[in-house]
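Student: Structure provided below as structure tokens; questions to follow.
The values are calculated or read from the model by the stated rules, or taken from the named source; none is laboratory data. The structure presented is a predicted model; accordingly, all values stated were derived computationally and were not measured. Note that we place each Cβ from the backbone using ideal geometry, even for glycine, and neighbour counts take in every protein chain shown.
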Amino acid sequence: MKAIGYFENLPTTDDKSLLAVEVPIPAVGPNDLLVQVHAVSVNPVDTKQRKRKPSQEGEPVVLGYDAAGVVTQVGAEVSGFQVGDQVYYAGDITRPGTNSEFHAVDARIVGHKPRSLSLAQSAALPLTSLTAYEAIFEHLGFSVQGGNEGKAVLIIGGAGGVGSMAIQMAKMAGIKVITTASRPETIEWVTHLGADIVLDHRQPLAPQLQANGVQMVDAIFNTADTAGYWKQMADLIKPFGHICSIVESKEPLDLTLLMAKSASFSWELMFTRSMFQTPDMIRQQEILNQVAQWFDDGKLQVTATKSLEPISAENLREAHALLESGKSVGKIVLHGW
Ligand SMILES: NC(=O)c1ccc[n+]([C@@H]2O[C@H](COP(=O)([O-])OP(=O)(O)OC[C@H]3O[C@@H](n4cnc5c(N)ncnc54)[C@H](OP(=O)(O)O)[C@@H]3O)[C@@H](O)[C@H]2O)c1
């Protein structure tokens with residue numbers, strides 16, 4: 001089958017950084033679905049892996065985590081899925097990626113895609129939706145049922161893929177959303193998604209917050225430079241507040257800065273459940289089905305802002321380069337073979 005992969009870790013300006021390869025159709029395990037991939041989206045994890053994950057024994061590395069497609073085979077132990085189902089999922093970092101015509105994935109991390117969206121629109125959603133949901137409703141302690149009125153979250157990096165979902169989910173749950181964006185197009189995007197207050201992350205955040213009548217916030221969701229924002233986050237979090245970050249730190253973090261406020265910090269890694277096959281791994285299927293329902297109920301807006309056709313090495317290199325510019329707005333999708 002067709003796939004896009006690489007043998008060497010190269011910059012996107014090099015044609016060999018991502019190229020067309022032929023690989024066997026994967027074997028389907030008892031808990032797996034085999035999915036014919038119709039659309040994928042790119043995430044920073046793809047570009048980070050392309051730069052550092054080595055090829056083993058001359059085999060191409062096939063990346064890609066987000067996918068939407070059609071089930072063509074169902075593993076012996078799987079329930080709730082049939083051949084022909086349209087699904088979407090964010091995959092598993094320990095298995096070959098979705099940049100291939102067919103892909104095997106554990107059914108416990110797969111959801112039925114929103115009925116109201118195309119496969120291409122759906123492919124933009126899984127990884128960022130799972131990350132935003134797990135951060136806001138599992139780590140930061142907000143209730144998914146609502147009743148969060150009077151509470152405020154600061155989302156650092158609002159216009160990226162994750163921020164775009166986090167803003168919408170927080171607003172849907174009645175949380176006041178303060179976010180950051182530094183360019184006219186990203187300010188417009190986060191405002192369109194419902195942010196209540198927009199700060200410029202190129203400037204100190206505290207004076208801008210104070211100018212909006214806010215001294216501290218109940219929770220902070222950091223989707224950008226963790227070490228770079230650490231001191232500001234410690235200053236801005238309320239006593240007993242919670243900070244969650246999704247970006248690896250380039251240097252050690254001084255947890256003592258949170259002690260006076262009895263504030264807490266946690267990491268969110270969307271891949272933890274699949275990587276460790278945790279007993280609650282099926283939560284990701286439930287979350288994806290919940291997110292699909294929210295889209296079908298008109299509660300969330302699509303985040304795909306750029307669509308490239310087909311899924312080719314050239315288009316994937318373009319998508320990686322765009323993401324690496326750090327100026328992506330929403331999500332970039334590739335569809336069709
Ligand atoms: N742990 C996990 O499970 C997980 C899951 C998903 C993503 N991530 C990580 O989270 C990060 C964000 O992912 P993403 O998909 O949202 O990325 P993205 O779509 O590439 O984010 C692009 C946005 O980042 C903003 N930005 C750039 N530099 C910033 C800074 N210094 N401070 C605040 N915002 C900044 C830009 O806004 P302006 O143009 O307005 O400056 C741009 O709109 C990546 O490092 C990714 O690897 C982790």
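Student: Answer yes if at least one residue in segment 257-269 is within 16 Å of the ligand (Cβ to nearest atom) and part of a loop (DSSP other than H, G, I, E, B), and no otherwise.
Tutor: If we filter segment 257-269 for residues that are within 16 Å of the ligand (Cβ to nearest atom), which is where we start, we get 265-269.
When the remaining residues are screened for being part of a loop (DSSP other than H, G, I, E, B), the result is 268-269.
Yes, that holds for at least one residue.
Student: Name every residue in segment 119-141 that is out of contact with any Ser or Thr (no Cβ under 8 Å at 6 or more places or on another chain), in a helix (DSSP H, G or I) and within 16 Å of the ligand (Cβ to nearest atom), in order of residue number. Please lay out each step first, then the result.
Tutor: Residues of segment 119-141 that are out of contact with any Ser or Thr (no Cβ under 8 Å at 6 or more places or on another chain), as a first pass: 119, 121-122, 126, 129-136, 138, 140-141.
If we keep only those that are in a helix (DSSP H, G or I) too, we end up with 119, 121-122, 126, 129-136, 138.
Selection gives P126, S129, L130, T131, A132, Y133, E134, A135, I136, E138.
Student: Out of curiosity, is V144 assigned to a helix (DSSP H, G or I), under 20 Å from the mean Cα position of the chain (by Cα) and under 20 Å from C244 (Cα atoms)?
Tutor: On the way: assigned to a helix (DSSP H, G or I): no; under 20 Å from the mean Cα position of the chain (by Cα): yes; under 20 Å from C244 (Cα atoms): yes.
When the stated conditions are applied, V144 does not pass them.
Student: Being within 12 Å of the ligand (Cβ to nearest atom) and crowded, with 23+ Cβ neighbours inside 10 Å is the filter here, so list the residues in segment 34-54 that pass it.
Tutor: S41, V42, N43, D46
Student: Pull out all pairs, ordered by first then second residue, where Cβ-Cβ is under 7 Å, the residues are six or more apart or on different chains, the first lies in segment 155-167 and is within 10 Å of A195 (Cα to Cα), and the second is of a type outside the set (S, T, Y) and within 6 Å of the ligand (Cβ to nearest atom).
Tutor: Going by the 7 Å Cβ cut-off, the qualifying pairs are I155/G163; G158/A181.
Student: Any idea which residue in segment 159-193 is surrounded by the fewest Cβ atoms within 10 Å (Cβ to Cβ), counting only those that are in contact with a Phe, Trp or Tyr (Cβ under 8 Å, 6 or more places away or on another chain) and farther than 18 Å from V291 by Cα?
Tutor: Per the criteria, the residue is A181.
Student: Now for a different question. Being under 14 Å from A173 (Cα atoms) and among the hydroxyl-bearing types (S, T, Y) is the filter here, so list the residues in segment 119-142 that pass it.
Tutor: The one that is under 14 Å from A173 (Cα atoms) and among the hydroxyl-bearing types (S, T, Y): Y133.
Residue by residue, here is whether (1) more than 23 Å from T223 (Cβ to Cβ); (2) outside the structural domain of E309 (by TED's automatic domain parsing); (3) out of contact with any helix residue (DSSP H, G or I) (no Cβ under 8 Å at 6 or more places or on another chain) holds:
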| site | (1), (2), (3) |
| --- | --- |
| K16 | yes, no, yes |
| H38 | yes, no, no |
| T47 | no, no, no |
| S55 | yes, no, yes |
| T72 | yes, no, yes |
| E77 | yes, no, yes |
| A90 | no, no, no |
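Student: Pairs only if they're at least six apart or on different chains, beta carbon under 9 angstrom, first in segment 234-245 and closer than 15 Å to I136 by Cα, second of a type in the set (V, I, T) and more than 16 Å from the ligand (Cβ to nearest atom); list them, first residue then second.
Tutor: The qualifying pairs are I243/I237.
Student: Polar (S, T, N, Q) and closer than 26 Å to T47 by Cα: is that true of T256 in this structure?
Tutor: On the way: polar (S, T, N, Q): yes; closer than 26 Å to T47 by Cα: no.
No: the conditions fail for T256.
Student: How many residues does segment 174-193 hold that are more than 11 Å from the ligand (Cβ to nearest atom) and under 19 Å from the mean Cα position of the chain (by Cα)?
Tutor: So in segment 174-193, the residues more than 11 Å from the ligand (Cβ to nearest atom) come out as 174-178, 191-193.
So of that shortlist, the ones also under 19 Å from the mean Cα position of the chain (by Cα) come out as 177, 193.
Residues that pass the stated criteria total 2.
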